[in-house]
1. Using just the Cα positions, wrap the range 215-269 in a convex hull and report its mean projected area in square nanometres, one decimal place.
2. What order do you get for Asp171, Asp57, Asp207, Asp127 when you list them from fewest to most C-beta neighbours inside 10 Å?
3. If you stretched the chain out fully between Arg66 and Ser38, how much longer would it get, using 0.36 nm times the residue separation minus the C-alpha to C-alpha distance?
4. Please give the contour-minus-distance gain from Glu258 to Thr96: 0.36 nm per residue of separation, less the Cα-Cα distance, rounded to one decimal in nm.
5. Hey, could you grab the Kirkwood Rh for the range 39-185? Inverse mean 1/r over distinct alpha carbon pairs, Å, one decimal.
6. Determine by what factor the alpha-carbon radius of gyration of the range 143-275 differs from 2.2 N^0.38 Å, reporting the quotient.
7. In the range 202-274, if the dipole is taken from +1 on Lys/Arg beta carbons and -1 on Asp/Glu beta carbons about the Cα centre, which of Gly230, Leu256, Gln210 is farthest to the positive end?
8. Say each of Arg250 and Val161 gets a label point 7 Å from the Cα, pointing the same way as Cα to Cβ; how far apart are those two points in nm?
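Rule-based calculations on the coordinates, nothing more; no lab input. Because the structure is a prediction, the values reported are computed rather than measured. As a convention, Cβ positions derive from the backbone with ideal geometry for all residues, glycine included, and neighbour counts pool all protein chains shown.
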Amino acid sequence: MENQELPKKLTPEEIEQQKKNLEQRDEKTEQPIEKDDSVLLSDVNEKIEKKTQIIEDTKNKIDEIRNGLGLPLSNEIPPSVKTEEESITKLNQEKTNLESNTQKSEVGEESQENVKKFEGNLRSAIDDISTKSKTMLDALYERQQQQFTPLQNPDEFQSIVSHLKSIKNFDGKFDINGLEQINENIQKISRLIENMNPKNTGGGVRDNPQSLEKLAYGAKTFSASLDEAGRNLGPELADEKMEEKRKELRKSLGILSEQTQKLNSLASRMRANFH
């Protein structure tokens with residue numbers, strides 16, 4: 001016979017290590033696959049349906065046997081049926097808990113989706129507001145350069161431009177602090193436009209109907225974009241503080257829209273009275 005290699009004698013440490021390896025392998029093999037609540041709920045519903053059918057079949061079978069023996073029907077609950085009914089009671093409780101968890105999960109997902117929609121709508125609103133403000137700003141700037149009837153001093157005009165740039169270039173998070181910053185800039189623009197009025201309108205004041213028409217059109221366009229932004233600034237947010245800020249922002253956009261509409265009316269009246 002050929003010489004066969006004798007088994008290697010293991011040291012106590014090697015034996016212990018092999019035991020640990022086997023235990024870890026068994027643990028990995030025995031680990032159950034985790035199921036989400038919706039799958040578990042489906043399993044529970046299936047079990048309840050099967051057990052309900054078993055109870056119904058058992059009762060029908062007992063009634064059939066008693067009828068065959070000429071015995072009257074009985075309301076007594078057999079032990080097997082009672083066991084199944086107790087099992088169904090526990091399953092119904094489990095079902096209620098799973099349904100609650102599923103609803104909470106769906107609400108959480110919906111809440112996150114609403115936040116994403118809000119952020120997307122707000123970013124689109126900011127871009128549109130910045131674009132639609134250009135005609136109005138150009139008209140105000142040209143009036144200053146041409147020395148037409150002034151509606152505000154240069155510093156106030158530059159403040160409007162600065163606040164609009166702050167909104168347009170906002171690169172922070174759309175959290176409570178971020179919404180407060182945007183809202184504050186909108187409110188400041190609103191106050192600056194609210195204070196616009198013809199100054200130094202005595203003799204010799206120069207003006208131009210085309211300039212006034214451009215200003216009226218620019219203010220009207222800007223106002224429309226503000227109204228559109230306010231309407232699209234949804235949906236509601238689950239976070240109470242964030243929802244409060246969202247409502248404040250919509251209100252500020254509405255007020256700024258009202259002020260730019262007044263500017264539109266002012267420029268239109270000035271053009272109508274132009275001689």
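1. Numbers: hull surface 13.2 nm².
For the Cα atoms of the range 215-269, the hull's average projected area reads 3.3 nm².
2. Values: Asp171 5, Asp57 10, Asp207 18, Asp127 13.
Fewest-to-most Cβ neighbours within 10 Å comes out as Asp171, Asp57, Asp127, Asp207.
3. Once the chain is fully extended between Arg66 and Ser38, it gains 5.8 nm.
4. Working: separation 162, 0.36 × 162 = 58.32 nm, distance 5.12 nm.
Value of the extension gain: 53.2 nm.
5. Details: mean 1/r = 0.0444 Å⁻¹.
Kirkwood radius, the range 39-185: 22.5 Å.
6. Details: Rg = 17.1 Å, N = 133, 2.2 N^0.38 = 14.1 Å.
Scaled against compact globular proteins, the figure is 1.21.
7. Farthest towards the positive end: Gln210.
8. Between Arg250 and Val161, the simple spin-label model gives 3.4 nm.
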